[in-house]
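See below for the structure under consideration.
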Amino acid sequence: MLELYHNINSVCAQKVRIALKQKGQEAKDHILTLRGDQNEPGYLKLNPNGVVPTLVHDGQPVVESSLILYYIDEVFPDPPLMPKEPRLRHRVRMYNKLIDEYLHNACTILTFATAFRPNFLKMTREAWLAEINKAPLKRRAEYKRSVIEHGLDSEFVIDALAQHRKLLSWMADSLKGGAYLAGDSFSNADCAVIPYILRLKLLKLDGMWAQSPAIADWWARMRTRPSVNATIFDRMEDKDWAPFKNLAPDPWPKVQELLKAAA
């Protein structure tokens, strides 16, 4: 039996849902709001880091989204989401390593600096500080504090943009050799990257790949893929779209300015 503790808008959860759908696997839903329920003692027993997703397979928790992708492919081998060729398998792992070590925090920074910041600023400083400081990972709390206070002027934003540019550079290079990020077949590299490209799109930052037709073509194909629609777009309700519907001000002009300054 599979159970999945997740959140509809969580980029880490989205990639796991895509992989499960690709495998034709259904998991019992446990949807977290991420407004404190991820830090409740019962959930922390499953996932001590207080993050989503957590996959529970026959009663045993499996954590860390990139490792969950590998686990799913090993337990449910058909259809495969890892290439056979060693160099392409290495490429999949490199994408996941980039995401785990750099890109995920960069995504959090840009999201909190733009889409999530307005709601926090409606709270007292003491209230929102208390909320973000509940997280077991204190480094992420510091990122969030800075971008809630300073928005795109935070000291962390320039590096966050640099990490996204690195991802886009890798993608453009990978797509020279195949229709997907690790060759000619859909793989865990695509599962892992799709949510982060979607997040840029939702933040109105798709201009970052405007000069790369290959990435635009890849995204157009991923956007209409049945597993992506079923696990992301078809599941997003008004409350999930809401943070991205009225970005004010539009972040793209400021981001363009920062990108030019960093070039």
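The values are calculated or read from the model by the stated rules, or taken from the named source; none is laboratory data. Keep in mind it's a predicted model, so treat the numbers as computed, not measured. Counting neighbours? That spans all protein chains shown, and the Cβs are built from the backbone with ideal geometry, glycine included. Calculation scope for accessible area: heavy atoms of the full protein, side chains included, ligands and nucleic acids excluded. Shrake-Rupley method; radii C 1.70, N 1.55, O 1.52, S 1.80 Å.
Tell me, in nm to one decimal, what length is gained between Glu237 and Glu257 on full extension, where the rule is 0.36 nm per residue of separation less the Cα-Cα distance?
3.9 nm
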For region 243-251, 3J(HN,Hα) per residue [Karplus equation, 6.51 cos²θ - 1.76 cosθ + 1.60, θ = phi - 60°, Hz, x = Gly/Pro]:
x, 9, 6, 10, 5, 9, x, 4, x
Cross-link pairs Lys45/Lys201; Lys23/Lys84; Lys21/Lys201 - those with Cα-Cα distance over 25 Å:
Lys45/Lys201
Cβ-derived FRET efficiency at R0 25 Å, Arg221 paired with Gln25, nearest 0.05:
0.65
First select every other residue whose beta carbon is under 15 angstrom from the beta carbon of Asn246; then total the charges, Lys and Arg +1, Asp and Glu -1.
+2
Simple spin-label estimate for Arg165 and Arg139 in nanometres, 7 Å along Cα-Cβ:
2.2 nm
Rounded percent of accessible protein surface that carbon and sulfur make up, the chain, 1.4 Å probe
52 percent
In debye, nearest 20: dipole of region 198-263 around its Cα centre with unit charges on the Cβ of K, R (+) and D, E (-)?
100 debye
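By the gyration tensor of its Cα atoms, with a ≥ b ≥ c the square roots of the eigenvalues, what is the shape of the chain: rounded for a/c under 1.5, prolate for a/b over b/c, or oblate?
Oblate shape, in that a/c is at least 1.5 and b/c is the bigger or equal ratio.
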Return the Cα extents of region 1-147 along principal axes one, two and three, sorted largest first, each rounded to a whole Å.
52, 33, 21
Residues whose modelled amide H sits under 5 Å from the amide H of Ala115, counting only those 5 or more places away in sequence or on another chain, are none
Could you go through region 92-108 in sequence order and give the Karplus-derived ³J(HN,Hα) for each residue, using 6.51 cos²θ - 1.76 cosθ + 1.60 with θ = phi - 60°, rounded to whole Hz, and x for Gly and Pro?
4, 5, 5, 4, 5, 5, 4, 5, 5, 8, 9, 5, 4, 4, 4, 5, 4
Would you compute, from DSSP H runs of 4+ residues alone, the mean residue ellipticity of the chain at 222 nm, taking -39500 (n - 2.57) per run and dividing by the full residue count, rounded to the nearest 500?
-17000 deg cm²/dmol
Over the heavy atoms of Tyr71, what accessible area does a 1.4 Å probe trace out, to the nearest 10 Å²?
70 Å²
Could you check what % of the DSSP bridge pairs in the chain are antiparallel, to the nearest 5?
70 percent
Taking a probe of 1.4 angstrom, what is the accessible area of Asp217 in Å², to the nearest 10?
80 Å²
³J(HN,Hα) computed for each position of region 161-176 - Karplus, 6.51 cos²θ - 1.76 cosθ + 1.60, integer Hz, glycine/proline x:
5, 4, 5, 5, 5, 5, 4, 5, 5, 4, 4, 4, 5, 4, 6, 5
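Which residues make up the longest stretch of the chain clear of trypsin sites (Lys or Arg not before Pro) that lie in a DSSP loop with no more than 16 other Cβ atoms within 10 Å, not counting the sites?
205-263
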Run down the lysines and flag those whose C-alpha is under 25 Å from the C-alpha of Lys204, throwing out any fewer than 8 positions away in its chain.
Lys15, Lys122, Lys144, Lys166, Lys239, Lys245, Lys254, Lys260
Cα-centre dipole for the chain with unit charges at Cβ (Lys and Arg positive, Asp and Glu negative), debye to 20
400 debye
Using the heavy atoms of the protein chains and a 1.4 angstrom probe, tell me the accessible area per residue for the chain in square angstrom.
49 Å²
